[in-house]
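Below is one structure, written out as structure tokens; comments come after it.
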Amino acid sequence: MTKLVLVGGGHSHALVLDALRKRPEPGIALTLVSPAETSPYSGMLPGHVAGLYAREAMHIDVRRLVEEAGGRFVLGAAERIDRDAREVVLGDGAHVPYDLVSLDIGITPDLSRIPGAREHAIAVKPIGDLLAKIDRLISAVREPDGPRDVVVVGGGAAGLCLAFALARRLRAEARSEQGPTLTIVTAHALLPELNGRARRIARARLAQASIALVENDRVARVEPEAVILASGRTIASRATLVAVGAAPPPLVARSGLAADARGFLAVDATLRSVGDPRVFAAGDCAGSVTDPRPKAGVFAVRQGPILAENLRRAVRGEPLVPYSPQTNWLVLMSTADGRAIAARGRHLALEGRLVWWLKDRIDRRFVQGLA
């Protein structure tokens, strides 16, 4: 039996488990190592923060998936891969032997570039930690002396959607007549990865939602009750959330695995480590050396079926197939009011209730398909 160990319950691994439960692979002893029995689906995070989805609706039961695939679940966080012994070493000292190992463990927040952020800000990753902190923020807003100024650092799609979600939820929860003020601060233009029409739509929607936007001004320092910008401007903030800065998980360096220029686990077009043929990786923790792409859930979802197929082929000793990422991918961003913004490529951008219907349908079908 080939010992196949999946480390982490991210989107790609959820799809691998789904493939293996639907079509079992003979000769595999399957193990999933994960610090939690359920895994959050990032596409539904803003909707949950806004109060549109229950928490259980946005989580995938990865323990059940592996057990239905005939494997075993190990609750724990992987500290490193002992490649000489072919073992996954867990934080509690336990060792899980493998013949093939695949990593889908996400990213680590990198707050080191913003002075004061580690002490006074909330990182948006990992999602499990963020949810607990959002709960505390909501409870605080309900108090008479609760936070009245909230800043989201980062003008990408993640920061934008989080700001819309927080505006809806915190203003609904606040006991005062005027809810918290929301500000997005970005060192670049809003949504720099998208087209100009999408940016114009997003700016208009922010204005309609009374969310302030500061573009092209870097955060120089985070203080307990303020954000100081490089321009010298001070913005009051009792709660600062940081949606920028992704660092590779420490496991990559601890394991001596080959890494890309940013420190993420370097993989080739087949999602196999460039330095160890027994190691595979997908999702945000992986960095393609053949066709780099931004860190986004859409790629993890597309990688899942390819990873599943290549793990099967590796077990059989067959040639692997390449993963070809999209060059123009669809971005769907909730504005937390029954509408959403869609963008793709250089020119396509639109918004409205139909876009939200599409996003909601895609997200629900993904999670329900793994139930």
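Out of segment 139-154, which residues are in a loop (DSSP other than H, G, I, E, B), over 15 Å from residue 46 (Cβ atoms) and in contact with a strand residue (DSSP E or B) (Cβ under 9 Å, 6 or more places away or on another chain)? Let's see the steps before the verdict.
So the first thing to find is which residues in segment 139-154 are in a loop (DSSP other than H, G, I, E, B), and the list is 142-148, 154.
The next check asks that each one be over 15 Å from residue 46 (Cβ atoms); those that pass are 142-148.
147, 148, listed by residue number.
Yes or no: residue 286 of a type in the set (Gly, Ala, Ser) and at pLDDT 95 or above? Break it down into steps so the answer makes sense when it comes.
Working: of a type in the set (Gly, Ala, Ser): yes; at pLDDT 95 or above: no.
Against the criterion (of a type in the set (Gly, Ala, Ser) and at pLDDT 95 or above), residue 286 does not qualify.
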* To do: Would you point out which residue out of 252, 227, 244 is part of a loop (DSSP other than H, G, I, E, B) and buried (at least 16 other Cβ atoms within 10 Å of the Cβ)?
  => 244
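Quick one: which of 221, 197, 171 is charged (D, E, K, R) and either assigned to a loop (DSSP other than H, G, I, E, B) or crowded, with 17+ Cβ neighbours inside 10 Å (or both)? First the steps, then the outcome.
Values: 221 fails: either assigned to a loop (DSSP other than H, G, I, E, B) or crowded, with 17+ Cβ neighbours inside 10 Å (or both); 197 fails: either assigned to a loop (DSSP other than H, G, I, E, B) or crowded, with 17+ Cβ neighbours inside 10 Å (or both).
Exactly one residue qualifies, and that residue is 171.
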* Every residue from segment 174-191 that is part of a loop (DSSP other than H, G, I, E, B) and modelled with pLDDT of 95 or more -> 186, 187, 188, 189, 190, 191
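For the structure I just gave you, tell me whether residue 184 is hydrophobic (A, V, I, L, M, F, W, C) and surrounded by fewer than 22 Cβ atoms within 10 Å (Cβ to Cβ). Don't jump to the end; show me each part of the working.
Working: hydrophobic (A, V, I, L, M, F, W, C): yes; surrounded by fewer than 22 Cβ atoms within 10 Å (Cβ to Cβ): no.
Considered against the rule, which asks whether it is hydrophobic (A, V, I, L, M, F, W, C) and surrounded by fewer than 22 Cβ atoms within 10 Å (Cβ to Cβ), residue 184 comes out as no.
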* Asked: Has segment 138-148 got any residue that is modelled with pLDDT of 95 or more and touching a helix residue (DSSP H, G or I) at 6+ places or on another chain (Cβ under 7 Å)?
  -> no
* With respect to residue 225, determine if the residue is of a type in the set (D, E, K, R), under 23 Å from residue 332 (Cβ atoms) and in the same structural domain as residue 158 (by TED's automatic domain parsing). => no
* How many of the residues in segment 257-304 are crowded, with 21+ Cβ neighbours inside 10 Å and part of a loop (DSSP other than H, G, I, E, B)? -> 4
* To do: Return the residue satisfying two criteria in turn: it lies in segment 340-369 and is under 22 Å from the mean Cα position of the chain (by Cα) and farther than 17 Å from residue 57 by Cβ, and of such residues it is surrounded by the fewest Cβ atoms within 10 Å (Cβ to Cβ).
  => 345
* Condition test on residue 71, is it free of Cβ contacts under 8 Å to residues at least 12 places away in the same chain and either outside the structural domain of residue 131 (by TED's automatic domain parsing) or under 24 Å from residue 359 (Cα atoms) (or both)? -> no
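For segment 50-138, please list each of the strands (runs of 3 or more DSSP E) lying entirely inside it that holds at least 1 residues being more than 20 Å from the chain's Cα centre (by Cα) and crowded, with 17+ Cβ neighbours inside 10 Å. Spell out the reasoning first.
Working: elements: 59-61, 72-75, 78-82, 87-90, 95-97, 100-103, 121-123.
Passing ranges, in order: 72-75, 78-82, 87-90, 95-97, 100-103.
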* Asked: Pairs under 6 Å by beta carbon, first residue touching a residue at least 60 places away in the same chain (Cβ under 8 Å) in segment 257-269, partner part of a loop (DSSP other than H, G, I, E, B) and aliphatic (A, V, I, L, M), six or more apart or different chains?
  -> 265/257
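The values are calculated or read from the model by the stated rules, or taken from the named source; none is laboratory data. As the structure is a computational prediction, the values presented were derived from the model and not from experiment. Cβ sites come from the backbone with ideal geometry, for glycine too, and all protein chains shown count toward neighbours.
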